[in-house]
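So the structure is just underneath, and the comments pick up after that.
The values are calculated or read from the model by the stated rules, or taken from the named source; none is laboratory data. Given the structure is predicted, the values throughout are model-derived calculations rather than measurements. Every residue, glycine as well, gets a Cβ built from its backbone with ideal geometry; the counts of neighbours run over all protein chains shown. Accessible surface is based on the protein model in full, side chains and every heavy atom, while ligands, DNA and RNA are left aside. Shrake-Rupley method; radii C 1.70, N 1.55, O 1.52, S 1.80 Å.
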Amino acid sequence: MITLLAIVALAACSGPVFDPASVADATSEQVARVEPLSWWVGMKTDLQLLVQGDGISEYDVTIEGGKGVSVEKINKAESPNYLFVDVNVAPNAAPGTYYIFFSKDGQSFKYPYEIAARAEGSAERKS
């Protein structure tokens, strides 16, 4: 009985799970491009995404789909069609597809973003 109560309490504390199917995919007008195209767990440089889309700077932005990847800061450009999003990728983040989630006035859409596992020994490569 105690174990069952602990499981229920843990599930209640973890919050709602993001269901990608419940949110529309971004159209090419909403999100024309995101750069860089993907990233890796364990990178030593910070990740800043450039997002381009019609009026994209008017939207709130979060990252959904797993633990260890989150938006740290949103930087608006002079043009309303660009955003720079500082993203924190924790060293223990799970590789996989995350979703950049945009919302404004009850309207929302998502854009998939890949956070991949880093190849063994890639940090030691000379380039």
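Kindly indicate whether any position in the range 12-20 is among the charged types (D, E, K, R) and either surrounded by 12 or more Cβ atoms within 10 Å (Cβ to Cβ) or at pLDDT 95 or above (or both). The answer is no; no qualifying residue exists. Inclusion of PHE102 among residues that are touching a Ser or Thr at 6+ places or on another chain (Cβ under 7 Å) and surrounded by 12 or more Cβ atoms within 10 Å (Cβ to Cβ) is warranted.
Might you let me know whether the range 99-117 holds any residue that is over 19 Å from GLU29 (Cβ atoms), not polar (S, T, N, Q) and not in a strand (DSSP E or B)? There is at least one residue in the range 99-117 that is over 19 Å from GLU29 (Cβ atoms), not polar (S, T, N, Q) and not in a strand (DSSP E or B).
Only one of the listed residues (ASP54, ASP60) is in contact (Cβ under 8 Å) with a residue 24 or more places away in the chain, open to solvent by 60 Å² or more (accessible area, probe 1.4 Å), touching a Phe, Trp or Tyr at 6+ places or on another chain (Cβ under 9 Å) and closer than 21 Å to SER108 by Cβ. That residue is ASP60. Only a single criterion out of (1) among the hydroxyl-bearing types (Ser, Thr, Tyr); (2) at pLDDT below 95; (3) in contact with a helix residue (DSSP H, G or I) (Cβ under 6 Å, 6 or more places away or on another chain) is not satisfied by SER127, namely (3).
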